[in-house]
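Notes for the one structure printed next.
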Amino acid sequence: MNTPDTAKPITNITENIYDLTLTEEPARYRSFVFDWDVPTVVDTGISESSDTLLERLDTLGIEPERLVITHADHDHIDGFDAVVDRYDPETYVPAQSTVDTANDPDHRYDHEDTIGNFTAVHIPGHCDDNYALVAPEKSVAVMGDAMIGADWRGLPKGYFVMVEAIYSDDLIAAERNVERLQEYEFDIGLVFHGSSVFEDAREKIDAFLDFPNKGEWEGWE
């Protein structure tokens, strides 16, 4: 499989999936667009990148009819009102999220709820309202901040690591709860920090989680 060039401002990942780069500094923030039956935006970046997000959508010529937020950290939700004010999409926010937006979410979703092609998978630990969105029929998962690209931490691209402990409420819970993704099949894992994994994503999660002697440590329940 050819690896998409995600250094571009807009990258067509596969099957009408687009990675939108919103900022490069001080860190790269992004949004994903799924131009499927219902054009869908997942996460909206920081407030300072809202104009860029709207410009990227204009460039694509896609008017989102659905907006899904994976969790309410500022780098995932701060562009929410800008998208709602421009396009008036149907909006979905986790049931556990506390939001401070001018527009109220249309829907609050929970674990294993269905949103179009996606199944919502609750993975608390990084924060209580953290979700991944899995579309097995499309063989893709949006990781939220359940996991990030390994190159974010100076390791090779093409693999996952956990979000840093300093940015997580409970890293042990995060690692245990990400095991829920092992119940689903997908080949592509899209991340918001670092590089996404474009091949064998589920198998690489298995390799990360199912380490030697797992469960033998007495503190492991």
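Among the residues of segment 33-65, those identified as under 15 Å from the mean Cα position of the chain (by Cα) and within 17 Å of residue 105 (Cβ to Cβ) are 40, 41, 42, 43, 44. For segment 5-14, the criterion of being in a strand (DSSP E or B) and under 13 Å from the mean Cα position of the chain (by Cα) is met by no residue. Within segment 38-61, restricting attention to residues that are part of a helix (DSSP H, G or I) and among the polar types (S, T, N, Q), the residue that is surrounded by the fewest Cβ atoms within 10 Å (Cβ to Cβ) is 59. Only one entry of 76, 71 meets the criterion of being in a helix (DSSP H, G or I), under 20 Å from residue 144 (Cβ atoms), of a type outside the set (Asp, Glu) and touching a Gly at 6+ places or on another chain (Cβ under 9 Å), and that entry is 76. From the list 175, 185, 164, the one residue that fits, being over 15 Å from residue 71 (Cβ atoms), of a type in the set (Asp, Glu) and surrounded by 15 or more Cβ atoms within 10 Å (Cβ to Cβ), is 175. Number of residues in segment 194-211 that are closer than 15 Å to residue 144 by Cβ and at pLDDT below 95 equals 1.
Note on segment 2-32: residues that are over 21 Å from residue 105 (Cα atoms) and aromatic (Phe, Trp, Tyr) amount to 2.
The values are calculated or read from the model by the stated rules, or taken from the named source; none is laboratory data. Please read all numbers here as calculations on a predicted model, not as lab measurements. All Cβ positions, glycine included, derive from the backbone under ideal geometry; neighbour counts span all protein chains shown.
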